[in-house]
Amino acid sequence: MDRREFLGSAIGASLAIGGLLRLPSSFAAAKPQIIDTYKTISFTDGEITVNNHLGSLAQLHRIYELQPTNLAISNAIISGELVNSQFLGDYLSLDRLTDLSAKILSFNPESPEAYSQSAQIAASMHQFEIANKYLDIAKNLNGNQDDVRYVELSILQATGKNLNEVLSLRKDKALASGAPEELVPYAALLADLNQTELANSTYLNALAYQYKNPSPFIPAWICFQLGMLWGELAEAPNTDLASSWYKKAINYLPQYTRARIHLAETYMDAGDNELALQVLQPALASSDPEVSWRISEIYANMNQSEVSAQYLQLANTMFTRLLDKHPLAFADHAVQFYMGPGNNPPKANDLALLNFQNRPTNRAANLLQNTNSAKTKSFS
């Protein structure tokens, strides 16, 4: 089954990291072959950046324990934990965010900002019904319209609703701001709508942004999205181009777990299992089960069945833990696992149904249809 059938529209974390000022205003189509124009430039070393980030985040948690009504601190923690999840494959961050949301609402029961923040947390875990309830409360409390609309747009985009309206708003925001945090969600929606060339040029404009703060998080994020565009979403995939973008993302941020997984897959597809293994091994420290899953496949390809089985069991254990706590956040990725080496088509079908009920997009519908067919075959 084509891996692209399993991809869902992810809600982008708010990555307002550093001073983001302006971008070139032109949206003229940029050819994908100009990748070499955007060579890795002088940003802060990725490992140093991550260490500094983790230290700062730990300090924020300590401060918030002493100041639980300080919503500026909780807002910074949300952004930091979403960075951990998106870049570092640290899914324990979702547990910490769950606890944080309960504390935010407990200590700030009449604050619209508290409900907006809890809505953002819920949406990041694909708990869209809960997020919308929090947003309704924030509105009733006369909350900041921009804060509410920010989360609303992410939910609409993730669930495939009112996309023409979302596209228009995303475009207006991207043109008005010129900053990556507006350009990237716009480009991601263009990619979902199969407007590949315009998505590509929009991502490239975001990558060309003139940074004051040389943090590598955002350029790494953009490079990864470009890899996804050409490797997973384009109707005519360009594996070499995708691989180049994944490499650039890792050059910016060596701890970028998802980029390592996708780069390793390109090597596996090319039959270079040794290189794929080298790319994945540094990511074993993460809590992303797909790392162990792909390493299991690599060892299977190398006819090392016992080692493969060990990593497969590890992946299964990790998926089970994540699905027990955050089923909506991981349903779509887990479907592919249980349709493949996890060898449990009925469970894959249940997860695909859960995913479709939560976000009834065309992609989710196709996923459910595929698992229905596989489930039927498994019982025949």
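Dipole of the chain (Lys/Arg Cβ +1, Asp/Glu Cβ -1, origin at the Cα centre): which of ALA123, ASN344, HIS53 lies farthest to the positive side?
ALA123
More than 22 angstrom separation, counting every C-alpha pair in region 100-240; what % is that?
For region 100-240, the fraction of Cα-Cα distances above 22 Å is 47 percent.
When the accessible area of the chain is split by element with a 1.4 Å probe, what percent falls to carbon and sulfur?
Working: 8400 of 17060 Å².
Carbon with sulfur: 49 percent of the solvent-accessible area.
Leaving ligands, DNA and RNA out of it, rank ARG294, ARG62 by accessible area with a 1.4 Å probe, largest first.
Largest accessible area first, the residues go ARG62, ARG294.
With springs connecting C-alpha atoms under 10 Å apart, model the chain as a Gaussian network and identify which of LEU169, LEU190, LEU57 has the largest mean-square fluctuation.
The residue with the greatest mean-square fluctuation here is LEU169.
With θ taken as phi - 60° and the coefficients 6.51, -1.76 and 1.60, list the Karplus ³J(HN,Hα) couplings across region 133-146 in order, rounded to whole Hz; mark glycine and proline as x.
Coupling constants for region 133-146: 5, 5, 5, 4, 5, 4, 5, 5, 8, 6, x, 4, 5, 5 Hz.
Ignoring ligands and nucleic acids, what accessible area does GLU297 show with a 1.4 Å probe (Å², nearest 10)?
50
Residues of the chain: accessible area per residue at 1.4 Å, in Å²?
Value returned for the chain: 45 Å² of accessible area per residue.
How large is ³J(HN,Hα), in whole Hz, for each residue of region 154-161 in order, when computed from phi with the Karplus curve 6.51 cos²θ - 1.76 cosθ + 1.60 and θ = phi - 60°, using x for Gly and Pro?
5, 5, 4, 5, 5, 9, x, 9
Counting only the heavy atoms of the protein chains, how much of TYR311 is accessible to a 1.4 Å probe, in Å² to the nearest 10?
Rounded to the nearest 10, the figure is 60 Å².
Using 22 Å as the Cα-Cα cut-off, could you pick out the over-long pairs in LYS161/LYS347; LYS103/LYS173; LYS139/LYS161; LYS161/LYS325; LYS133/LYS325? Can you show the working numbers first?
On the way: LYS161/LYS347 27 Å; LYS103/LYS173 32 Å; LYS139/LYS161 20 Å; LYS161/LYS325 26 Å; LYS133/LYS325 20 Å.
Over 22 Å Cα-Cα: LYS161/LYS347; LYS103/LYS173; LYS161/LYS325.
By how many nm would the segment from ALA236 to GLN195 grow when fully extended, if each residue of separation counts as 0.36 nm and the alpha-carbon distance is taken off?
13.6 nm
The values are calculated or read from the model by the stated rules, or taken from the named source; none is laboratory data. Values in this document were obtained by computation on a predicted structure and should not be read as measured data. So basically every Cβ, Gly included, is an ideal-geometry build from the backbone, and we count neighbours across all protein chains shown. With ligands, DNA and RNA removed, areas are computed over all heavy atoms of the protein, side chains included. Shrake-Rupley method; radii C 1.70, N 1.55, O 1.52, S 1.80 Å.
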